[in-house]
2 protein chains.
Amino acid sequence: MNELERVDAFWRAANYLSVGQIYLLDNPLLTEPLLPEHIKPRLLGHWGTTPGLNFCFAHLNRMIRQRDQDMIYIAGPGHGGPAAVALAWLEGTYSQVYPEVSRDAEGMRRLFRQFSFPGGIPSHVAPETPGSIHEGGELGYSLAHAYGAAFDNPGLVVACVVGDGEAETGPLATSWHSNKFLNPARDGAVLPILHLNGYKIANPTVLARIPETELIKLMEGYGYRPHIVSGDDPAVMHRLMADTLEVVFDQIAEVKAGDDPRWPMIVLRSPKGWTGPRQVDGLPVEGTWRSHQVPLSAVRDDPGKLAELERWMRSYRPGELFDEHGRPLPEVTAIVPDGPRRMSANPHANGGELLDPLKLPDFRDYATEVKAPATCTTEPTRQLGGFIRDVIAANPRDFRLLGPDEVASNRLGAAFEVTGRVWQAGQLPTDEHITTDGRVMEVLSEHLCQGWLEGYLLTGRHGLFTSYEAFIHIIDAMFNQHAKWLEACRKIPWRRPIASLNYLLSSHVWRQDHNGFSHQDPGFLDVVVNKKATVVRVYLPPDANTLLSVADHCLRSHDYVNVVIAGKQPVLDLMSMDDAILHCTRGLGILQWASSDQGHEPDVVLACAGDVPTLETLAAADLLRRHLPELKVRVVNVVDLMRLQPDSEHPHGLTDTAFDALFTTDKPVIFNFHGYPWLIHRLTYRRHGHENLHVRGYKEEGTTTTPFDMAMMNDIDRFHLVMDVIDRVPGLSERCGHLRQEMTDARTRARAHTREYGEDLPEIRDWTWQH
Amino acid sequence: MNELERVDAFWRAANYLSVGQIYLLDNPLLTEPLLPEHIKPRLLGHWGTTPGLNFCFAHLNRMIRQRDQDMIYIAGPGHGGPAAVALAWLEGTYSQVYPEVSRDAEGMRRLFRQFSFPGGIPSHVAPETPGSIHEGGELGYSLAHAYGAAFDNPGLVVACVVGDGEAETGPLATSWHSNKFLNPARDGAVLPILHLNGYKIANPTVLARIPETELIKLMEGYGYRPHIVSGDDPAVMHRLMADTLEVVFDQIAEVKAGDDPRWPMIVLRSPKGWTGPRQVDGLPVEGTWRSHQVPLSAVRDDPGKLAELERWMRSYRPGELFDEHGRPLPEVTAIVPDGPRRMSANPHANGGELLDPLKLPDFRDYATEVKAPATCTTEPTRQLGGFIRDVIAANPRDFRLLGPDEVASNRLGAAFEVTGRVWQAGQLPTDEHITTDGRVMEVLSEHLCQGWLEGYLLTGRHGLFTSYEAFIHIIDAMFNQHAKWLEACRKIPWRRPIASLNYLLSSHVWRQDHNGFSHQDPGFLDVVVNKKATVVRVYLPPDANTLLSVADHCLRSHDYVNVVIAGKQPVLDLMSMDDAILHCTRGLGILQWASSDQGHEPDVVLACAGDVPTLETLAAADLLRRHLPELKVRVVNVVDLMRLQPDSEHPHGLTDTAFDALFTTDKPVIFNFHGYPWLIHRLTYRRHGHENLHVRGYKEEGTTTTPFDMAMMNDIDRFHLVMDVIDRVPGLSERCGHLRQEMTDARTRARAHTREYGEDLPEIRDWTWQH
């Protein structure tokens, strides 16, 4: 057997194992004729993309062995589950991590049975699949994941099969431009293989149906050197693919040596459902959309179909592939690389194995000095910037800061004291902080930032993604998928913990004075808390020191999604660093200096979460102590939103006893919240005092206006909070009619001033706490 | 003055008015020297993209007049507010819709003052801006909107300026391929103008920095004929742009005549902040990122800067542009087209003006006959398909059905009896229902489906978007922006009502048996209900007839986003068409035949929303009547989710009296919900009986398994509901220990069967109601 015959044998074995997974409950080696009881009652799975994925993998194995290449494999097409599982089993990895699915006939039987079967494994490439960092569910992120994996891995090649269906998505269409952010010397290589099999579920695909001249121009326009591998005769295609890969790997070496900036890529045109049934019931199947899922249906009930399936499976000549015990023959596994060189066992695809803890400077060194609470202001993210700068400097190979053109605007510009924005395209003298090897990644695509960071984290590195709060909804779906990946990994012992995905949402809903309504949306939190409590964390630090403490905590954590919301505009400094650490450790607490209930049960609790709501709450407490000095007010600030949930619902949840001690069980609680108010109700509806809870928050009112006018439009302002207290504390409304009117008048005055002068009243804008 | 001099005068006037909006409170005509009090205290706005937008608009006006062309203008760059407002004022449209902003000096003063000012108008192109269908907030959707506007408007040209920042987004990157879905004869033309001004907020842009040869290949690869207009000398650029537009409009005519399939597009390279300050404080500004927002800051405090601003404004020679009363001179307005030919006044940009009601067949004609409730099954979306087919046939020019390759998979295939999928790329004999003039649009990009449909609706047409429930999160952010647009339009009298945006989410969380965990997410509803009650509606019809009734209602409605969730798998027929209409009109109601509380207060309410939860609730009611015949059970089904909110919160909300009459104030309510359970709590937390409400729903548990196993994994199954009843109805838990155990055993049996045979127990799968 020559080398290409061995590649072919491996391919046939993978195809055989893929078909077996879709169809068979038993008789895996076809040692007896197929009978209906060997067939699964529900045929679930996707054949269409599978032979192409197996084909690429087999040929890449040849290259790995030939060049001792470190390589991982990303299967972009959504439905490649049978392929990835078959390949991992053939390489022996599957049986290593799942010993009960042994590499013999009994293991093969289990392999087949478990696929898409209750109690078994998903039909897509999933966290359960060894060698994968990419879920084959929602489409469009393969290439961004591939680039994320390649960053800072100079020896690695990330082979990425891009499906032609997936290629129609927006995220994928812009992912091709990731090559402008890949440094050939410092980073690894990405080898995109655009797999044109012509059809999606029921439709043709765009890239398969445009003229080939256009397709080549498109890929050249994206900055690649395309190589076409096209055909359907396996022998011809093996030769073509092998020759092409030789050229491609030589070109990768050229790019890495700096000889040419254009990375190679491959366009693979092969029939959908290649090597499957040509026709079924007189209709063409191979090469058409009909082979997308299960090409032969009703196999259990139709003897003719059963016979067709058997012919199909035997066309791979299983007798030449497996011995009588079901073990792959040496000729089949001859092209399988050794140990961690196997793509199914490469440690980059189980990134936790490679994870080094981040080297973190002491965040306390970046503290703002706070002599008296709420008397001075700091820009929290600017303060954080110094810390992030030194994190970047201390971790020059495994930490990245990402943002859609908002790193400077979000005031993390200190980073540019030690690094720049990575950029391989043209530069001009008017550029600032643009360099070919920067640690900051900025592109106006939240999808790319998210996809790159996911790929980077999943291969064992660290990062921080900063963005506008409203527009982070752009990656809601990607967040969902990553959170689901983390949730699934909790049940997979061989998946090692990875660094958390950290969001810093800094240009938030309350300070879109200049951008207006379209930029105001705090609803990402509502999406986040839908995911399992085991993987999501939400923090709303109210000032610079609490932000530092939270950031340090998040950067140390594993396997979470941490969402941090903190303003970039100046906010009052509330806590010394020691107090901030204590407050963040507790997650919430009473601001004693702003409270007037010392040693007593309060008459009312003013709770707050978020920097602007906290400011307004403090100003309201100030008004109350001046106007109603006898009223016992307790001010509670919440940093860790998950503390509000019962401890039975979330690991951070407070016990009812602790919750009641803070919020009381029977006093009015006026909760001033950063986001949509019902989120607080949702988190607390099981608490004792819930019927006394009154939440203020964003109620979808906004425009281009001043900060205080924004607060007033949504009734989270200090004056309205005082009115809420009057309305809700028993007895106050009767005797405080005058004060209530005063508050209404104050709002009217504030608004009139804003409309007249275009800015807030100085006494409102510059309010501080008088101790 | 020759024609190009008139174009230049118009351009200078627009630029002058743009600068004025950013800076001036008063002295709009510079009739006196600029003083600090003429300057706004907060300088908000974006100059960078503005002169380019004005330049394109001016030249397009010339073409409109020359060829009597029907044209609208989409300003893709996010920050073009000053331009769009200035242009509409120059054309007279602004003063028509906002008479207080007259076309004279006082109107100009108001025009300047209101911009980005409290009580004024947003800094971006917004619903308030005449002539716009495109919000300049979140980036990336301009080109999809443009194509949506062009569909079925054969005489229209949609000029679309694409910013080079925006061009980095995923949605925009794939939008270029929309040309494969535009029929030259039946549809209008889209003229993309890729405006490369080189910088985003702080970063260079990818497309401005790749080699021009690559850029040309990229555009050719996307299927366009690119034309480069590049430079910074206004006189040269005017000549070049004018000549180029002649060629471009000739080429558009060629494409429409069928002579060439490649649409033209323009690459406009001009400096960012063109004609603005070259340098400020010794740093380059024009042509750099420094001109992104306000090129000259501190103008009010710095006399030097103030003088620079005055020099800058006078550089446009306002004395040659406006008369002493502030009215634009005839030479300036000479290029303005007449009446509705003005792009700022084109009725396509206020689509409600052109909206024809949809011609709807009688949905009752598509009813499933239901002799006895819950005894037969129908595939609801297949039933709906017949109705949609006839809607398509009856509205051949203003209704489209869109989906990301899921129309057939979601069982709306009846549409293909009267039309096909539109497709201008290559076709093969193995394709089915592919045609160049189909009414169905399928592309594997939720972004494109959403963007096209938005553009189509905003220009006065109708449509339906069908997608997987989990993956509709991909367009969360686009939904948010469209909902905000609709919210804003409620306050703008001259914006006429448009057709609602209708979603049909059919492959939903409970029936992802074959796709597993990554395909399971019902959280889109949580995003939707964050938007204002005035614009969002959510429907969960439990069977085929209710789906038909709901669909008819949604297709008739205006200015809403309607989300309909309905399964494609067979579900029990619950209601005759008459009953279904009544039920949907009420929005919720008691299923009397399944209830055992006739004439009495119930012991427990079993509420349900969604097809699978309703099935399990009915099966639970069935178990209860068999095992606990004396228990008075009320079954309530909810179709219109917004009925659960108080009437003070949502126009569909029930009064407390009506709510209490259905749900009681003190009996346990076991609510079986389609989505995440807390959404029901969030909608009902103010209701009297809320503390008795126990909600079951999706709790983020799932995999590839059988439908009933999915229900069990999340405790929404019939057996668990019976256990919930036992646990919550006072007195039952003591005497029903045996029944409780029986339910536990039934679950165990069901699961064991599933694991063994890969399918549900027949008696569970085939359960029906025995009357």
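Based on the Cα gyration tensor of the stretch A:608-654, what are the three equivalent ellipsoid semi-axes, each the root of five times an eigenvalue, rounded to whole Å and given largest first?
Its equivalent ellipsoid spans semi-axes of 28, 13, 5 Å.
B plus A alone minus the pair: what accessible area, both sides summed, probe 1.4 Å, in Å² to 100? Don't skip to the end; give the middle numbers.
Numbers: alone 27480 and 27440 Å², together 45340 Å².
Using a 1.4 Å probe, the pair buries roughly 9600 Å².
Counting only other chains, and only Cβ atoms inside 10 Å, what mean value do you get across the residues of B:113-120? Show your work: numbers first, answer last.
Numbers: counts 1, 1, 1, 8, 8, 17, 10, 5.
Across B:113-120, the average partner-chain Cβ count within 10 Å equals 6.
Using label points projected 7 Å from each Cα along Cα→Cβ, tell me how many nm separate A:Leu35 and A:Ala235, to one decimal.
Taking the simple label geometry, A:Leu35 and A:Ala235 are separated by 3.9 nm.
For B:Ala257, which inter-copy label distances result when the label point lies 7 Å beyond Cα on the Cα-to-Cβ vector, reported in nm to one decimal and in ascending order?
5.4
For Cα pairs less than 8 Å apart in space and 6+ apart in sequence, what is the mean separation divided by the residue count of chain A, i.e. the relative contact order in percent? Please report the intermediate quantities before stating the final value.
Values: 1667 pairs, mean separation 84.2, N = 771.
The normalised contact order for chain A reaches 11 percent.
Just the accessible area per residue of the stretch B:214-358, please: how many Å² with a 1.4 Å probe? Don't jump to the answer; show the numbers that get you there.
Working: 5960 Å² over 145 residues.
Counting only protein heavy atoms, the per-residue value for the stretch B:214-358 is 41 Å².
Any of A:Lys180/A:Lys568; B:Lys531/B:Lys667; A:Lys491/A:Lys532 with alpha carbons more than 22 Å apart? Name them for me. Present the calculation step by step, with values, prior to reporting the outcome.
Details: A:Lys180/A:Lys568 29 Å; B:Lys531/B:Lys667 32 Å; A:Lys491/A:Lys532 13 Å.
Where the Cα-Cα span goes over 22 Å, the pairs concerned are A:Lys180/A:Lys568; B:Lys531/B:Lys667.
List, shortest first and in nm to one decimal, how far the label point of A:Ala658 (7 Å from Cα along Cα→Cβ) is from its counterparts in the other copies.
With the label placed 7 Å along Cα→Cβ, A:Ala658 yields 4.4 nm.
So in the stretch B:587-765, what percent of DSSP beta bridges are antiparallel if you round to the nearest 5?
On the way: 3 of 18 bridges.
Percentage antiparallel, nearest 5: 15.
What is the calculated FRET efficiency for B:Glu701 to B:Glu106, with r their C-beta to C-beta distance and R₀ = 56 Å, to the nearest 0.05?
Details: r = 65 Å, r/R0 = 1.16.
Step by step, r from the Cβ atoms, then E = 0.30.
Assuming R0 = 45 Å, what is the FRET efficiency of A:Glu691 and B:His771, from their Cβ-Cβ distance, to the nearest 0.05?
Details: r = 42 Å, r/R0 = 0.94.
Efficiency for this residue pair is about 0.60.
Whole number please: convex hull volume per residue, Cα atoms of the stretch B:467-608, in Å³.
On the way: hull volume 20.5 nm³, N = 142.
Measuring per residue, one finds 144 Å³ for the Cα hull of the stretch B:467-608.
Per 5 Å bin, what is the whole-percent P(r) computed from every C-alpha pair distance within the stretch A:216-278?
Result returned by the calculation: 4, 17, 22, 20, 16, 11, 6, 3, 1, 0.
Label position 7 Å from Cα toward Cβ: report the copy-to-copy distances for A:Pro303 in nm, one decimal, ordered from shortest.
Label point to label point, same position, other copies: 10.7 nm.
Would you mind checking the radius of gyration and Dmax of the stretch B:587-765 based on alpha-carbon positions, in Å?
16.1, 52
Compute the acute angle (0 to 90°) between the alpha-carbon long axis of helix B:50-67 and the principal axis of greatest extent of the alpha-carbon atoms of chain B; round to the nearest 10°.
With both axes taken from Cα atoms, the answer is about 90 degrees.
Suppose we look only past 61 Å in the calculated P(r) of the protein assembly as shown. What percent of the Cα-Cα pairs does that tail hold? Write down the numbers at each step before the final one.
Details: 167744 of 1188111 pairs.
Tail fraction, whole percent: 14.
Restricting to chain A, what percent of DSSP beta bridges are antiparallel, rounded to 5?
Values: 12 of 76 bridges.
DSSP beta bridges in chain A are roughly 15 percent antiparallel.
Can you give the FRET efficiency to the nearest 0.05 for B:Ala658 and A:Glu630, using r as the Cβ-Cβ distance and R₀ = 41 Å? Before the final figure, lay out each step's value.
Values: r = 43 Å, r/R0 = 1.05.
The pair B:Ala658/A:Glu630 has a calculated efficiency of 0.45.
Please go through the stretch B:412-511 and write out the trypsin sites (Lys or Arg not before Pro) that DSSP classes as loop and that have at most 11 other C-beta atoms within 10 Å.
Details: sites: B:Arg421, B:Arg439, B:Arg461, B:Lys484, B:Arg490, B:Lys491, B:Arg495, B:Arg511; in loops: B:Arg439, B:Arg461, B:Arg490, B:Lys491, B:Arg495.
When the trypsin sites (Lys or Arg not before Pro) of the stretch B:412-511 are filtered for loop state and at most 11 Cβ neighbours within 10 Å, B:Lys491 remain.
What's the percent breakdown of Cα-Cα distances in the stretch B:349-445 across 5 Å bins, shortest bin first?
Result returned by the calculation: 3, 11, 19, 20, 17, 13, 9, 5, 2, 1, 0.
No solvent, one uniform scatterer per C-alpha: report log10 I(q)/I(0) for the stretch B:376-571 via the Debye equation at q = 0.11, 0.14, 0.17 1/Å, two decimals.
So the normalised log intensities work out to -0.47, -0.78, -1.16.
Taking the inverse of the average 1/r across all pairs of different Cα atoms in the stretch A:3-340, what Kirkwood radius in Å do you get?
Numbers: mean 1/r = 0.0500 Å⁻¹.
Computed over the stretch A:3-340, the radius equals 20.0 Å.
Could you work out the Kirkwood radius for the stretch A:174-316, taking every pair of different alpha carbons, averaging 1/r and inverting it, reported in Å?
On the way: mean 1/r = 0.0573 Å⁻¹.
Averaging 1/r across every pair of different Cα atoms and inverting gives 17.4 Å.
Give the accessible area for A:Ile22 in Å² (nearest 10); use a 1.4 Å probe, count only protein heavy atoms, and leave out ligands, DNA and RNA.
Probe radius 1.4 Å; accessible area of A:Ile22 about 0 Å².
Over the protein assembly as shown, what is the percentage of antiparallel beta bridges among all DSSP beta bridges, to the nearest 5? Don't jump to the answer; show the numbers that get you there.
On the way: 24 of 152 bridges.
Antiparallel bridges: around 15 percent, rounded to the nearest 5.
In whole angstrom, and with the biggest value first, how far do the Cα coordinates of chain B range along each principal axis?
So the three principal-axis extents are 94, 63, 43 Å.
I'd like the accessible area for B:Ile475: 1.4 Å probe, protein heavy atoms, all chains in place, Å² to the nearest 10.
0
The values are calculated or read from the model by the stated rules, or taken from the named source; none is laboratory data. Since the model is a prediction, treat every value here as computed from it, not as a measurement. Note that each Cβ is placed from the backbone with ideal geometry, even for glycine, and that neighbours are counted across all protein chains shown. The area values use the complete protein model at the heavy-atom level, side chains included, leaving out ligands, DNA and RNA. Shrake-Rupley method; radii C 1.70, N 1.55, O 1.52, S 1.80 Å.
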